[in-house]
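To start, the structure itself, in structure tokens.
The values are calculated or read from the model by the stated rules, or taken from the named source; none is laboratory data. From a predicted model like this one, the values you see are computed outputs, not experimental measurements. With ideal geometry, Cβ positions are generated from the backbone for all residues, glycine too; neighbour counts draw on all protein chains shown. In case anyone asks, the SASA skips ligands and DNA or RNA and just uses the protein heavy atoms, side chains included. Shrake-Rupley method; radii C 1.70, N 1.55, O 1.52, S 1.80 Å.
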Amino acid sequence: MSAWYDRSVFYHMYPLGMTGAPKVNPPQGGGTHRLLSLEDWIPHIKELGCGGIYIGPLFESSSHGYDTRDFLQIDRRLGTNEDFCHFVSLCHKSGIRVVVDGVFNHTGREFFAFQDIAQKRWDSPYRDWYRGVGFDFPSPLGDPFHYEAWQGHFELPCLNLQNPSVRDYLFQAVNFWVREFDIDGIRLDCANVLDFGFMSELRARTEAMKKDFWLMGEVIHGDYARWLGPSMLHSVTNYELHKSIYSGFNDHNFFEIAHNVRRLQAIGRELYTFVDNHDEDRIASKLKDPAHLAPVYICLYTLPGIPSLYYGGEWAIKGQRTKTCDEALRPALSMDQEPHLRCPLTGLLERLGQIHSQEKAFHHGVYRELLLTNRQYAYSRQNEDSLVITVLNNDSQPATVSVPVFAEGSQALPLLGGPEEMGFAGQKPGGGGPEEMKPLPIRDGRLTLTLPANWGMIYKII
């Protein structure tokens, strides 16, 4: 049986934004309990068919959450350690695992080790905790020493992960998270620049802490295989597929998506797939044709990978970043707004979540390309028990296609209704009415069907 993370659809939560927390965390001041409002989301996430939550950043920080002050305390703008313990407990009772952000490449300047260096300089026992520390000139922010910073952002000094004391401190923090909060995994921020020895040791340490503990790394560019393996990470972010999906639909070019999927199959591991996140413009803003939103998600949920849904995506929320601000990507939302925000896409994602959970072919099932043109694309996912075929159309007109079926079976059972059935009444049905839910015959090893405009169909061969 595949691991829980390979069977899951993830729900991505950015809590500082979701709860409307202040943008700047004062050095002193009382805490709040904004985390309690996130408990209201759990039934909704369950209804969407998500088996995992990726939530973060969570720990005490100065601003956006990735400038950590304290690895052992939940950010006071969100609540207390007890609040997060309760949240995780409720998630587990609903059958949902919880993965948190692990920011190990850098800290904020208010982290205790950085402050100790600023006060004691070369006499500080922590002077080797950061990379490139020197005392011959100040930092651009006026600190009495200089240091390496992440991508030149000097509010984010880089930790020296080759220092055994730093590694031990971070491993103890992770052990605390597992023991205190009972988390099920970590998403490693900036994994593309983390020390490989550190990640390998983290894998060994966490496996000893908790069975089926999941490590997923944020990797934007590079050969993903370098970060994956039995002694490395379980998965990494699939930014390549993210780019090819939205541009493949925008350009009416399914070849871009299919080429990317084909190339990444050689890795042999499930990558973390998504169409938007807290750093990327929302997919509803990226697509040139709003009608493509539905087939984009059908594509995401049925291609190889571990699909992730970014909060608000189920309501087709828009958002674009600027050169200096990500706030539009991370809006405050509450479940009180759900009745007003709910739309046909919400129901579609609930159904896709059910299909992904029920059909084991989507959990490590073998991918096979069946048909490919600029505007139509068909592929199968197959395991020892079943074969499921997805057929996509990015054209504004219905399309009749004939798809080869490389398996025994006389009928194709539809798992997903057409656009009219799913509430997308504004789209041309193109055969997408109730009759589409009837099984289709397989004749001479081929499945012939008429695809609705800007839609996708999913069939199980029986």
- Message: I'd like the orientation of helix 239-250 relative to the chain: the angle between its Cα long axis and the longest Cα principal axis, in ° from 0 to 90, rounded to 10.
- Response: 40
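What does the highest-first list of 168-176, 411-419 look like by mean Cβ count within 10 Å? List each step's numbers first, then the result.
Numbers: 168-176: 15.6, 411-419: 20.6.
Descending packing order for the listed peptides: 411-419, 168-176.
Would you work out what percent of the accessible area of the range 186-297, with all protein chains in place, is carbon or sulfur (probe 1.4 Å)? Intermediate values should be presented prior to the final figure.
Working: 2010 of 3930 Å².
Solvent-exposed carbon and sulfur of the range 186-297 make up 51 percent of the total.
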- Message: Sort 281-287, 117-123, 380-386 by packing, meaning the average of other beta carbons within 10 Å per residue, with the highest value first.
- Response: 281-287, 380-386, 117-123
- Item | Computed [θ] at 222 nm, helices only, for the chain once each DSSP H run of length n ≥ 4 contributes -39500 (n - 2.57) | -8000 deg cm²/dmol
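Ignoring ligands, DNA and RNA, what accessible area per residue does the chain give at 1.4 Å, in Å²?
Values: 18170 Å² over 462 residues.
Here the residues of the chain average 39 Å² of exposed surface.
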- Query: Roughly what would the spin-label model give for residue 223 and residue 413, points 7 Å off Cα along C-beta, in nm?
  - Reply: 4.3
- Test item: Cα-centred dipole of the range 194-324, Lys/Arg +1 and Asp/Glu -1 on Cβ, debye: 20
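What ranking do 439-446, 53-60 get when scored by the average of other Cβ atoms within 10 Å per residue, highest first?
Working: 439-446: 12.9, 53-60: 24.2.
Ranked by mean Cβ neighbours within 10 Å, highest first: 53-60, 439-446.
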- Note on the structure: For the range 306-441, the percent of accessible surface on carbon and sulfur atoms (probe 1.4 angstrom, ligands and nucleic acids excluded) is 50
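Return the FRET efficiency for the residue pair residue 368, residue 85: r is the Cβ-Cβ distance, R0 is 51 Å, and the value is rounded to the nearest 0.05.
Working: r = 45 Å, r/R0 = 0.87.
With a Förster radius of 51 Å, E is 0.70.
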- Message: In whole percent, and with a 1.4 Å probe on the protein chains, what portion of the accessible area of the range 1-108 is carbon and sulfur?
- Response: 55
- Quick one: of 93/286; 360/438; 211/243; 46/438; 46/210; 93/323, which pairs are farther than 30 Å apart, Cα to Cα? 93/286; 211/243; 93/323
